[in-house]
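The values are calculated or read from the model by the stated rules, or taken from the named source; none is laboratory data. Since we're looking at a predicted model, the values are computed, not measured. As a convention, Cβ positions derive from the backbone with ideal geometry for all residues, glycine included, and neighbour counts pool all protein chains shown. Just so you know, the surface numbers come from the protein's heavy atoms only, side chains and all, with ligands and any DNA or RNA stripped out. Shrake-Rupley method; radii C 1.70, N 1.55, O 1.52, S 1.80 Å.
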Amino acid sequence: MDKPVIILGAKGIAHPALEIFNSNQVIVYGFLEEDESLHGTEINTISVLGHPEDDGFLKLIGKKTEAFVAVDDNKYRKFLVELLNERRKVQPINAIHQSAYISTDAHLGHGNFINAQVTIGAGAEIGHHCILNTGAIIDHQAKLGDFVQVGAGTIINAEVTVEEGAFIGSGVTIVSGLTIGKNARIGAGSVVISSVGANETVFGNPAAKVK
């Protein structure tokens, strides 16, 4: 990649995203962040330039720079992705750590955050704008929809389907062949042995619905 990157967001995954781009010898031009108290500060020598909706900075994206959305909150993440699509006609790029293993026949969308030691197996499909934290394992033929978040050390076994917007906490195990519904939430450390419906929250070993 020849163009530098502007990172939208300066909290949460923004700092590890910067590390990923640095490790891949990609120049980060700066951060854009809605929290004005961070404007003018630096993250590891890279400046927080201004607000993500500031046209003065946005107009650089597409012509001179690429963009990456480093926001954990799915609602705001979607808003920023749509902002880039509509105002700049661009899609965010992927941030993939050098130590991640991605099978040669896995399929990746765009705008994904894939941190250190993540494994993505043969034939797995990762949608757009997902967050895969350190050491997550997405086994062969598993499918993740858009805007899915997977916590550190979680194991999603073979042929699992995780639908759009689902949140899976750290250290979760999901056994093969299950479906995790749209916008479902799975608490940290849970062992999931049966499918989870849309908008359901489950927790525990075995994971049970939280009322």
- Message: Can you find, within the stretch 53-106, the residue that is most open to solvent (accessible area, probe 1.4 Å) among those that are touching a residue at least 40 places away in the same chain (Cβ under 8 Å) and more than 25 Å from Ala166 (Cα to Cα)?
- Response: Lys64
- Task: Could you list, in sequence order, all residues of the stretch 25-48 that are under 19 Å from Val90 (Cβ atoms), open to solvent by 20 Å² or more (accessible area, probe 1.4 Å) and not hydroxyl-bearing (Ser, Thr, Tyr)?
- Result: Ile27
- Message: Contact list please: Cβ distance under 7 Å, first residue in the stretch 109-124 and open to solvent by 20 Å² or more (accessible area, probe 1.4 Å), second residue of a type outside the set (Val, Ile, Thr) and in a strand (DSSP E or B), pairs at least six apart or on different chains.
- Response: Thr119/Tyr101
- Query: In the stretch 183-191, is there at least one residue being among the basic types (Lys, Arg), modelled with pLDDT of 95 or more and surrounded by fewer than 18 Cβ atoms within 10 Å (Cβ to Cβ)?
  - Reply: no
- Flag if Lys143 is surrounded by fewer than 20 Cβ atoms within 10 Å (Cβ to Cβ) and out of contact with any Ser or Thr (no Cβ under 6 Å at 6 or more places or on another chain): no
- Which one is farthest from Ala122 (Cα to Cα), of the residues in the stretch 145-201 that are free of Cβ contacts under 8 Å to residues at least 24 places away in the same chain and of a type in the set (D, E, K, R)? Glu200
